[in-house]
1. What value, in deg cm²/dmol to 500, does the helix sum -39500 (n - 2.57) over DSSP H runs of n ≥ 4 give at 222 nm once divided by the residues of the chain?
2. Which ³J(HN,Hα) values, rounded to whole Hz and listed in residue order, are derived for segment 65-74 from phi using the Karplus coefficients 6.51, -1.76 and 1.60 in 6.51 cos²θ - 1.76 cosθ + 1.60 with θ = phi - 60°, glycine and proline given as x?
3. Given H placed on each backbone N at 1.01 Å, which residues far from residue 59 in sequence or on other chains put an amide H within less than 5 Å of it?
4. Each label point is 7 Å from the Cα along the Cα-to-Cβ direction; what then is the distance between the points at residue 103 and residue 2, in nm?
5. Once phi is turned into ³J(HN,Hα) by the Karplus curve 6.51 cos²θ - 1.76 cosθ + 1.60 with θ = phi - 60°, what whole-Hz value does each residue of segment 44-49 show in order, with x for glycine and proline?
6. Suppose each label sits 7 Å from its Cα in the direction of the beta carbon; what would the residue 50-residue 26 distance come out to in nanometres?
7. Could you tell me the largest-minus-smallest coordinate of the C-alpha atoms of the chain on each of the three principal axes, in descending order and whole angstroms?
8. Using 0.36 nm times the number of residues separating residue 79 and residue 60, minus their current alpha carbon distance, what extension gain do you get?
Amino acid sequence: MSVARQSLALTGLFEAELLTELMLRFWPHPLADDREFRNDILEKAAEVLRQAVSGTAVLEDVSAANTNFVAAMWYAEWAATLELSDEFADKRRDWLTAIRRSLPGCFCNPDDLSP
């Protein structure tokens, strides 16, 4: 079973809500307290994973099959911020940068990590 398919299966579990919450709080996201935002980003991440399962790669360095939950959530937020210019836009982009820098292994194919 591919990473994308396993990650998609995770999105229906409480653990996905917990991971979403932790990611938004540990790397402070300006909308972390907004329950609707948290639910929305989780739904968008699930949609990204559905696309990956169907063979559509969304990240340049990650194949569709190797798209993981963190990368899908990152992509969902990145896509949402593309044309934003509201008061939170820069802080949301800072969150994207922090996630990518803190968890670089989520943004490459797993085979690239082996010695």
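Bear in mind these aren't lab numbers, they're just calculated from the coordinates by the rules spelled out. Given the structure is predicted, the values throughout are model-derived calculations rather than measurements. With ideal geometry, Cβ positions are generated from the backbone for all residues, glycine too; neighbour counts draw on all protein chains shown.
1. -18500 deg cm²/dmol
2. Computed from phi, the couplings for segment 65-74 are 5, 9, 5, 9, 4, 4, 4, 5, 5, 4 Hz.
3. Excluding prolines and chain starts, which carry no amide H, there are no hits.
4. 1.9 nm
5. Each residue's phi maps through the Karplus curve to give 5, 5, 4, 5, 4, 5 Hz.
6. It works out to 2.8 nm between the two label points.
7. 39, 28, 24
8. Full extension from residue 79 to residue 60 adds 5.4 nm.
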